[in-house]
Amino acid sequence: MYNRLAQGRKTLTDEFINGVNIFIETAKQLPSFISDGMFRCPCSKHKNQVHLRPDDIIVDLYRRGFMPQYWYWTSHGEYEPHFHSACGPSTSSNIAEDENITAYSPSQDPLYSQQISALQAELEQVRKAQTDWQVQIQAQIQMQMQVQQAQHNQLLDEMRKMKDQLSEKEVATGDDASTDSE
């Protein structure tokens, strides 16, 4: 999602555009957005210091990208995961408590699961659109070939008619010349 520009091009990646859309939809759920229609802009210029409307934030993110290291949207209602670890030999009671704590996994996050589902659905739509597009292109190619063949045949017919007309004129001119000589 943070990979903004396509390699070797100055266009935005689909991944980045989808990530921005997911971010905007997530941030629109914030109470601050619901009350005033604005939320913090996480672009590399504003760094969550300025409140803007979603359309302006989209433009900022497309132009500048997300601010560095903004992996967890803590200014937009997301919690950064905390990892617990035992330290030192005198923490045997803490170790027992830590055994009941499972490590954070992005796949356990409902938002992550929603994002994955949305991306899979979008990928399926893209594949279907690509197939439809290929069928349309193939149909256009067939149609273009038929039109070209029809034009080719029409030109051949016109050339044959012109040849026949020239032959008839030559015969007529030859008949006129033979009548004049008599």
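Taken together, the values in this text are just the output of simple stated rules run on the coordinates, not laboratory data. What you are looking at is a predicted structure, and each value in this text was computed from that prediction instead of being measured. A quick note on method: Cβ atoms are made from the backbone with ideal geometry, for glycine too, and the neighbour counts reach across all protein chains shown.
Evaluate E = 1/(1 + (r/R0)^6) for Asn153 and Asn21, where r is the Cβ-Cβ distance and R0 equals 45 Å; express this FRET efficiency to the nearest 0.05. It would help to have the intermediate numbers written out before the result.
Numbers: r = 52 Å, r/R0 = 1.15.
After rounding, the FRET efficiency stands at 0.30.
What are the ³J(HN,Hα) couplings of the range 43-57, residue after residue, when phi is run through the Karplus curve with 6.51, -1.76, 1.60 and θ = phi - 60°? Round to Hz, x for glycine and proline.
Along the range 43-57, the couplings run 5, 5, 8, 7, 6, 6, 9, 10, 8, 9, 7, x, 4, 5, 5 Hz.
Arrange Val50, Val135 by Cβ neighbour counts within 10 Å, fewest through most, would you? Mind showing how you got there, number by number?
On the way: Val50 14, Val135 10.
Least crowded to most crowded, the residues run Val135, Val50.
Can you compute the FRET efficiency between Val50 and Asp132 using 1/(1 + (r/R0)^6), with r the Cβ-Cβ distance and R0 = 45 Å? Round to the nearest 0.05. Present the calculation step by step, with values, prior to reporting the outcome.
On the way: r = 42 Å, r/R0 = 0.93.
Approximately 0.60, to the nearest 0.05.
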